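The values are calculated or read from the model by the stated rules, or taken from the named source; none is laboratory data. Just so we're clear, the structure is a prediction, and the values are computed from it rather than from any experiment. Cβ coordinates were reconstructed from backbone atoms using ideal geometry, including for glycine residues, and neighbour counts include every protein chain displayed. With ligands, DNA and RNA removed, areas are computed over all heavy atoms of the protein, side chains included. Shrake-Rupley method; radii C 1.70, N 1.55, O 1.52, S 1.80 Å.
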Amino acid sequence: MSLRTRLILTHVFIIFLTLAILAVSLAIILRDYQRQVQLSRLGDAVVPLAFQARAMFLNDVPPREALTRLQQQAGNIGSVIIVTDKGLVLADAAYGLTNRTITLTPIVRTEAPRGFFWGTHTLRPGRVVLYAAIAAGQIGGQNVYVALANVERPFFETLDEIGWSLVVAGGITLLVSLLVALVLARSIARPITRLTQATEAIARGQYDHRVAARGRDEIGRLATSFNTMAAQVQSARQMEKDFVANVSHELKTPLTSIQGFAQAILDGTAQDLDSARRAAHTIFEEAARMARLAGDLLTLARFESGQLPMARDPVDLNELLPRWVERCRARANATGETLTTVLDPLPEIIGDAGRLEQVVTNLVDNALKYNRPGGAVTVTAKSSARLSATKSSILAWRRVVDPPPPQWITISVADTGEGIPPEDLPRLFERFYRGDKARVSFDSRSGGGTGLGLAIAKEIVTAHGGAITVESELGRGSTFTVRLPARA
Ligand code: ADP
């Protein structure tokens with residue numbers, strides 16, 4: 001059953017139930033009202049009869065005769081009953097109640113005069129006598145009441161009378177509520193149907209499909225989160241596509257080169273030893289580049305699957321950092337660049353020295369690679385100062401109470417190169433992202449990058465609980481900064 005049908009049926013059921021409860025309550029209220037009206041009519045008429053009866057009982061008129069006279073007086077308003085205060089009927093003309101006992105209940109309604117009694121007596125099912133009584137003196141030392149009685153209209157007779165009106169009113173209400181339910185169900189079901197269609201579209205591969213998100217209600221919020229999810233799926237799919245395209249492209253270039261040079265050796269184009277050696281050298285370089293690419297891809301894939309073992313050893317950067325930078329010295333000398341290291345005393349950190357070396361050498365390598373000839377590369381390392389315990393006794397006391405704030409180590413690698421265009425900055429740490437200059441420089445330089453270095457660096461730094469950022473000014477150079485938490 002569709003959601004819409006279920007909503008309509010629920011509405012109709014609730015309206016039907018409400019109508020039924022309303023009808024029953026109305027019938028009961030009506031019956032009570034009718035009884036009140038009938039009782040007050042009988043009550044009004046019984047007062048003069050009681051006066052007359054009192055006079056007759058004082059003159060010792062027997063109950064039977066008194067009854068006949070009183071009935072004449074009452075006319076057709078009701079039948080007269082003479083009853084003792086214990087409820088024993090002394091005389092009754094119409095209902096054959098003589099010598100039987102009936103109940104007398106005081107009327108307690110505030111607006112009714114005191115001294116009135118009422119009661120009902122069931123003659124047979126569906127035939128109930130309703131009476132109002134009032135004290136009328138004594139007969140033979142016994143308190144007696146004069147009651148005026150009438151047959152009460154049966155409940156179902158009343159219901160029968162108003163039944164049709166109720167059915168008509170109920171029918172109209174049901175019809176109107178059905179229309180409202182239809183509109184409401186449509187307005188609730190339609191956005192859900194749209195969302196379902198959108199989900200199916202995404203499943204079919206239409207990742208750009210979105211739904212109109214209106215309002216801040218549950219459905220509006222669902223539509224917004226659906227759109228966010230769809231955007232994420234779309235971007236993940238795009239990244240996947242880009243990744244495959246990039247890997248194929250990065251593999252194709254060196255492979256074409258290898259194939260070409262190998263062909264030259266085979267068909268004798270590279271005849272002399274020198275040409276053959278040059279061809280073999282290029283083949284070697286390209287194969288090395290492919291191996292680097294495969295290695296980088298493997299590292300990233302392991303990061304993604306959480307399979308890359310990351311040591312958690314104490315690392316003393318005071319000793320290691322200068323050593324890592326020195327490894328790049330030869331390259332700096334070759335390009336005539338100056339490589340300077342400015343180190344503050346650094347606290348120990350916990351991490352993987354081998355992986356951290358990879359980050360630092362990658363940053364220094366890039367700085368040298370994208371620098372201008374004869375430029376400068378500066379590696380600076382600092383640690384954020386912890387609160388000094390000697391500053392004041394209050395601070396010292398607070399240090400004991402609060403855990404000390406985390407201490408950070410900042411390593412920055414600054415160059416004096418061309419700088420990075422602002423539009424490239426947000427994408428620099430994406431896989432395979434390479435600036436225009438880098439793409440051009442790759443083919444002309446042996447040992448060109450893969451565009452994965454910064455992506456790997458970011459993964460390593462993040463795994464150490466740190467962050468990597470970049471600032472750059474066109475024409476003045478770039479600074480890459482790594483922040484790592486010191487050992488607590
Ligand atoms: P690559 O192997 O191309 O160097 P990376 O991931 O290390 O790959 O760097 C990505 C891109 O970031 C580079 O292609 C280059 O465009 C840019 N880049 C990185 N470092 C620098 C730098 N110091 N100066 C200018 N551009 C840089």
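For the peptides 415-428, 133-146, the ranking by packing is 133-146, 415-428, with the highest mean count of neighbouring Cβ atoms within 10 Å listed first. The label-point distance for D44 and I265, in a model that sets each label 7 Å from Cα toward Cβ, rounds to 12.8 nm.
In this structure the chain gives 59 Å² per residue of accessible area when probed at 1.4 Å with all protein chains present. Note on V12: accessible area approximately 40 square angstrom, rounded to 10, probe 1.4 Å, nucleic acids and ligands left out.
Set Lys and Arg Cβ to +1 and Asp and Glu Cβ to -1, take the dipole of the chain about its Cα centre, and tell me which of Q206, S40, W408 lies farthest positive. Farthest towards the positive end: S40.
Let a ≥ b ≥ c be the square roots of the eigenvalues of the Cα gyration tensor of the range 61-144; is it rounded (a/c under 1.5), or, if not, prolate (a/b larger than b/c) or oblate? Cα axes put the range 61-144 in the rounded bin. For the chain, adding -39500 (n - 2.57) for each run of n ≥ 4 DSSP H residues and dividing by the number of residues yields -19000 deg cm²/dmol at 222 nm. Between the range 119-133 and the range 230-293, the C-alpha centres lie 110 angstrom from each other. Using Cα centres only, tell me the gap between the range 403-434 and the range 5-54 in whole Å. After rounding, the separation between the Cα centres reads 84 Å. Under a crude label model (7 Å from the Cα following the beta-carbon direction), how far is A334 from A288 in nanometres? Computed distance between label sites A334 and A288 equals 0.8 nm. For the listed peptides 294-301, 198-205, a ranking on the average number of other beta carbons within 10 Å per residue, highest first, reads 294-301, 198-205. For the chain, the relative contact order works out to 10 percent when only alpha carbon pairs closer than 8 Å and six or more residues apart are counted. If you take all other residues with their beta carbon under 12 Å from the beta carbon of A74, and give Lys and Arg +1 and Asp and Glu -1, the sum is +1. The number of Lys pairs in the chain with C-alpha atoms less than 27 Å apart, excluding pairs fewer than 8 positions apart on the same chain, is 12.
Each Lys and Arg Cβ is given +1 and each Asp and Glu Cβ -1; about its Cα centre, the chain then shows a dipole of about 1260 debye. Taking amide H as placed 1.01 Å from N in the peptide plane, the amide H of E152 sits under 5 Å from that of V128, V129, L130, each at least 5 places away or on another chain. Judged by the gyration tensor of its Cα atoms, with axes a ≥ b ≥ c, the range 78-237 is prolate; a/c meets the 1.5 cut and a/b is the larger of a/b and b/c.
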